[in-house]
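The values are calculated or read from the model by the stated rules, or taken from the named source; none is laboratory data. As the structure is a prediction and not an experimental result, all values here were calculated from the model. With ideal geometry, Cβ positions are generated from the backbone for all residues, glycine too; neighbour counts draw on all protein chains shown. Each accessible area value is taken on the protein alone, full model and side chains, heavy atoms only, with ligands, DNA and RNA left out. Shrake-Rupley method; radii C 1.70, N 1.55, O 1.52, S 1.80 Å.
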Amino acid sequence: MCGIIGYIGEKEVKPLLIEGLKRLEYRGYDSSGICVKNNSGLSIVKNVGKVEKLEKDARLSSIKGKVGIAHTRWATHGEPSELNAHPHYDCKNELAVVHNGIIENYVPLKKMLEKEGHKFKSQTDSEVIAHLLEKFYRGNLAEALLKVLPLLQGTYGLAVISKKNEEIVIAKKGSPLVLGIGNNKMLFASDQTALINYVPNIAYLNDNEIAILKENSFEIRNSNGKIIKPKIEALKLDAEDIEKNGFEHYMLKEIFEQPKSIKRALSGRLNKDGVKLSIDINLKKINRIVLLGCGTSWHSALIGKYLIEDLTNIPVEVDYASEFRYRTNPLKSSDLVIALSQSGETADTLAAIKKAKESKAKTIGLVNAVGSSIARECQSVIYLQAGPEIGVASTKAFTSQVTTLLLLALYIRKEKGMKLDKKLLKEILTLPKKVFSSLQTENKIKELADKFKDNKNFIFLGKGVNFPIALEGALKLKEISYIHAEGYPSAEMKHGPIALVDENMHCLFICTHDHTYDKVLSNIEEVKARKGKIIVITDKADDKLTSKADEIIYVPHIDPILAPLINIIPLQLFAYHVANMKGLDVDKPRNLAKSVTVE
Ligand code: M6R
């Protein structure tokens with residue numbers, strides 16, 4: 001949540017900061033702002049709304065300089081307003097701060113500073129950092145920051161510039177920060193996508209470290225001020241990874257990328273004879289598995305339960321990371337805790353995996369963002385290899401998570417000495433082709449989206465491994481089209497939600513052919529008997545179904561255990577086209593942010 005970026009170098013900083021903010025905008029887009037330093041001091045321009053608005057702000061034209069910091073906000077403390085937007089000044093406009101995270105003890109700090117005469121302009125927690133710096137600043141920015149950081153409770157990825165110092169000083173605790181190392185320029189950002197094309201190399205900052213960036217050098221220090229040797233690595237992403245490639249929205253591009261992203265998840269890891277994963281933990285003696293995640297990642301975890309229990313016979317529990325972190329967790333050394341996360345930065349998932357690590361349990365991360373906090377926190381990591389996901393609604397990361405969970409289930413099965421089913425391995429290799437066929441439902445989906453875009457409610461229903469698909473389909477629709485949608489196990493409907501069914505209620509059933517088919521069919525009958533409208537996703541024409549359904553979407557048939565990966569595609573497309581037809585901002589839905597780095 002919130003994106004920050006900064007540059008010090010030989011070029012004009014403004015265009016780079018604006019481009020960087022656009023790339024980071026998926027992290028929050030309530031308001032944005034930049035601060036540029038030049039010989040006459042610091043200049044700040046801030047604006048409510050998207051970065052596009054900031055870019056067009058006439059006040060920007062007079063701002064020039066080669067050092068600057070910028071911020072795009074997802075409001076936590078204080079409404080989205082120009083005053084609450086970052087950067088924040090101290091009282092004398094000599095220091096400016098951008099901050100991602102939450103300062104939990106800002107109230108007593110603010111009271112103390114106000115008593116000392118500091119004047120606050122915003123309602124944010126972040127502004128205390130600027131005033132604390134002012135209190136301790138005696139000409140050396142890093143020294144002042146090292147005095148301020150121990151006073152802050154909470155999380156931060158922050159950057160500071162001053163009127164007098166030719167440098168940017170940054171600090172991290174619990175919110176991501178990466179340095180971009182170039183020739184005659186140094187950058188930092190909340191994530192590496194903002195650095196693409198600007199620098200060849202990067203270095204991650206660890207918690208409780210600060211970095212001092214100058215035009216031609218940088219230094220990382222620990223909280224005692226001791227210099228730390230940086231681990232410099234190549235920035236492996238390129239511009240194509242963050243472009244729309246002819247699609248109207250990132251979300252649509254990412255939906256259509258899935259045959260390729262699933263292929264990448266499988267690549268080098270599975271062939272018709274077996275599975276290969278580089279996991280440096282012994283999984284032979286694992287007796288219990290706990291899967292953790294939030295939102296869509298929690299839905300893939302639910303599918304993971306079906307896959308792992310079915311293929312390994314090991315009991316699996318699935319938990320919301322936000323619940324797990326505040327409960328007593330009796331974990332043993334024979335337990336394996338798996339954290340699922342696209343961004344690798346979700347605060348709850350990060351805290352949950354840290355908690356799991358306090359026990360003797362083994363930890364694995366299934367993460368998309370390379371080098372992210374969760375990836376680095378887990379004992380072992382399996383990368384999803386989906387490439388950057390920019391649309392706020394997760395699509396390709398979801399199918400890559402499910403694919404990777406499948407690989408992990410097969411790997412554990414092999415480790416446990418159980419035989420692999422060669423037929424299933426062959427079927428898994430057909431996934432990219434079958435997902436491509438499932439994408440061909442788009443025209444039918446567009447028709448349905450046009451027909452139903454003004455509906456107020458939907459119920460999504462599925463059974464077994466397709467129950468999480470019902471949840472995920474409903475979440476996609478809610479997130480981007482703002483239509484109320486509930487996901488339920490289809491048999492649960494009669495225990496309550498059926499009271500909502502009348503001739504205006506549309507129920508979307510996932511009813512592909514597996515051992516639960518007849519049961520789902522009965523649930524369809526129950527809705528039909530109450531005049532509810534039936535939309536069905538199925539894999540084979542069948543009179544029993546066609547006679548009951550008002551609308552049918554046909555997807556390719558596949559082994560039932562793999563069906564979630566095929567069945568989710570029309571639901572992603574449905575959510576996308578409904579939102580697009582309603583003229584909504586598909587990639588940046590209201591109130592949401594891609595990476596939820598606060599509680
Ligand atoms: O980056 P993560 O996978 O940890 O994110 C978890 C959720 O915040 C995320 O899946 C969210 O629910 C998405 N908006 C779903 O589309």
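Could you tell me which numbered condition Leu366 fails, if it satisfies all but one of (1) away from the ligand (no atom under 11 Å from the Cβ); (2) under 17 Å from the mean Cα position of the chain (by Cα)?
Failing condition for Leu366: (1).
Would you pick out the residues in segment 314-344 that are open to solvent by 20 Å² or more (accessible area, probe 1.4 Å), within 16 Å of the ligand (Cβ to nearest atom) and in contact (Cβ under 8 Å) with a residue 40 or more places away in the chain?
Selection gives Ser322, Gln342.
State which residue is least open to solvent (accessible area, probe 1.4 Å) when the search covers only segment 21-53 and only residues that are small (Gly, Ala, Ser), in a loop (DSSP other than H, G, I, E, B) and farther than 19 Å from Ala393 by Cβ.
Top of the filtered list is Gly49.
Of everything in segment 548-558 that's in a loop (DSSP other than H, G, I, E, B) and among the charged types (D, E, K, R), which residue is most open to solvent (accessible area, probe 1.4 Å)?
Asp550
Please go through segment 114-140 and give me each residue that is among the small types (Gly, Ala, Ser) and part of a loop (DSSP other than H, G, I, E, B), ordered by number.
Hits for segment 114-140 are Gly117, Ser122, Ser126, Gly139.
Restricting to segment 252-266, what's the tally of residues that are open to solvent by 60 Å² or more (accessible area, probe 1.4 Å) and over 26 Å from Lys588 (Cα atoms)?
Adding up the residues that qualify gives 2.
Out of curiosity, is Ala144 over 24 Å from Pro388 (Cβ atoms) and more than 26 Å from the chain's Cα centre (by Cα)?
Yes: the conditions hold for Ala144.
State which residue is surrounded by the fewest Cβ atoms within 10 Å (Cβ to Cβ) when the search covers only segment 144-168 and only residues that are free of Cβ contacts under 8 Å to residues at least 40 places away in the same chain and not polar (S, T, N, Q).
Lys147
Quick one: what pairs do we get from segment 559-576, first residue under 12 Å from Thr395 (Cβ atoms), second part of a helix (DSSP H, G or I) and among the basic types (Lys, Arg), C-beta under 6 Å, 6+ apart or different chains?
Gln572/Lys476; Ala575/Lys476
If I filter segment 582-599 down to residues being exposed (fewer than 15 other Cβ atoms within 10 Å of the Cβ) and under 13 Å from Ala75 (Cα atoms), which single residue comes out as modelled with the lowest pLDDT?
Going through the qualifying residues, I end up with Glu599.
Please return the ranges of strands (runs of 3 or more DSSP E) entirely within segment 141-196 where 1 or more residues are within 14 Å of Leu95 (Cβ to Cβ).
156-162, 168-173
Among the listed residues Glu127, Glu114, which satisfies the condition of being in the same structural domain as Gly154 (by TED's automatic domain parsing) and either open to solvent by 10 Å² or more (accessible area, probe 1.4 Å) or without any contact (Cβ under 8 Å) to a residue 12 or more places away in the chain (or both)?
Glu114
Given the criteria under 25 Å from the mean Cα position of the chain (by Cα), more than 18 Å from Gln401 (Cα to Cα) and touching a residue at least 40 places away in the same chain (Cβ under 8 Å), does Ile445 qualify?
No: the conditions fail for Ile445.
Would you mind stating whether Asp207 is among the charged types (D, E, K, R), at pLDDT below 95 and in contact with a helix residue (DSSP H, G or I) (Cβ under 8 Å, 6 or more places away or on another chain)?
The answer is no for Asp207.
What are the residues in segment 267-313 that are outside any strand (DSSP E or B) and either open to solvent by less than 10 Å² (accessible area, probe 1.4 Å) or outside the structural domain of Leu420 (by TED's automatic domain parsing) (or both), if any?
Matches in segment 267-313: Leu283, Ile286, Ser300, Ala301, Ile303, Gly304, Leu307, Ile308, Thr312.
Would you be able to tell me the number of residues in segment 559-589 that are assigned to a loop (DSSP other than H, G, I, E, B) and either in contact with a Pro (Cβ under 9 Å, 6 or more places away or on another chain) or within 12 Å of the ligand (Cβ to nearest atom) (or both)?
Final tally of qualifying residues: 4.
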